[in-house]
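Inspection log for the structure reproduced underneath, given as structure tokens.
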Amino acid sequence: MSDVDDLQVLEVFLNNPDIIKQRYRYTDKESLEINNLIYEIEQTQFDKTTDKGAILENLMYKIFNMHNMYKVHNNLRTSSNEIDLVLKLDIAGTIYKNNIQYLEDDVIVECKNYSKKVDVTYVGKFASLVNVSRCNVGLLISKKGITGRSEWSDAKGLIKKIMLRDGHFILDFNLEELRDLAGKTLADIINPKKDALKFDVDIDSLLSTHELEASL
């Protein structure tokens, strides 16, 4: 295909944003693959801590690598830390961000495959890592979520205080929130969680029925 043809295809896409968005929604097949991996994580008794962490990292790698919107780097070492996943917006993601839905340029991901909720101490450590990494958003992925009986207590309260003080968003996702992604895009997953933290509202109030749900 010539450069002229490439430009024509790009122009069609940019003039029809629904075509672009449709391309980056998770399909039934992709959602099923993710669901099956979540089921494996929930059911497997791991002998080694490294295996527990690796399978959760593999889940996130699949979720972010399926549509090539982000370049996904795993186990990236800094001078003092190892980051599970570093996401950098790729060319396709940049086009999507500029024309369809907002996406962060850089995101770091930390996976904790604990049998209990992640406590405030670790959330504080991850927040420090987000800060030194100069990223605006960090995703904390766990089986059970984070501690806090209310939105202003324990780990839940800390991520709110960090957002208010530093402007950094620590977005926690448990496995249940990553299930049944068919019809959604990455922005549909991340942005409501970010907005709920920013505006101090219940995330359910930011979720609306997707037009494809009836057919799924």
Could you tell me which of the residues Leu175, Leu158 is modelled with pLDDT of 90 or more, of a type outside the set (Ser, Thr, Tyr) and within 25 Å of Leu89 (Cα to Cα)? Leu175
From Asn75, Asn99, which residue is open to solvent by 60 Å² or more (accessible area, probe 1.4 Å), touching a helix residue (DSSP H, G or I) at 6+ places or on another chain (Cβ under 7 Å) and of a type outside the set (A, V, I, L, M, F, W, C)? Asn99
Could you count how many residues in the stretch 150-175 are surrounded by fewer than 16 Cβ atoms within 10 Å (Cβ to Cβ) and either of a type in the set (S, T, N, Q) or in contact with a Pro (Cβ under 7 Å, 6 or more places away or on another chain) (or both)? 2
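What is the residue count in the stretch 23-72 for residues that are assigned to a helix (DSSP H, G or I), aromatic (Phe, Trp, Tyr) and surrounded by 16 or more Cβ atoms within 10 Å (Cβ to Cβ)? Give the steps one after another, and end with the answer.
Start the filter on the stretch 23-72 by keeping residues that are assigned to a helix (DSSP H, G or I), which leaves 23, 28-43, 49-65.
From what's left, aromatic (Phe, Trp, Tyr): 39, 61, 64.
Now narrow it down to the ones that are surrounded by 16 or more Cβ atoms within 10 Å (Cβ to Cβ): 61, 64.
The qualifying residues number 2.
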Can you pull out every residue in the stretch 138-179 that is outside any helix (DSSP H, G or I) and out of contact with any strand residue (DSSP E or B) (no Cβ under 9 Å at 6 or more places or on another chain)? Gly148, Arg149, Ser150, Glu151, Trp152, Ser153, Gly167, Arg179
Go through the stretch 113-165 and give me each residue that's closer than 16 Å to Ala196 by Cβ and hydroxyl-bearing (Ser, Thr, Tyr). Ser150
Which of (1) open to solvent by less than 60 Å² (accessible area, probe 1.4 Å); (2) within 21 Å of Ala54 (Cβ to Cβ); (3) of a type outside the set (Lys, Arg); (4) touching a helix residue (DSSP H, G or I) at 6+ places or on another chain (Cβ under 9 Å) does Val130 not meet, given it meets every other one? (2)
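The values are calculated or read from the model by the stated rules, or taken from the named source; none is laboratory data. The structure presented is a predicted model; accordingly, all values stated were derived computationally and were not measured. Neighbour counts are summed over all protein chains in view; Cβ atoms, including those assigned to glycine, are modelled from backbone coordinates with ideal geometry. We work out accessible area using only protein heavy atoms, side chains counted, and drop any ligands, DNA or RNA first. Shrake-Rupley method; radii C 1.70, N 1.55, O 1.52, S 1.80 Å.
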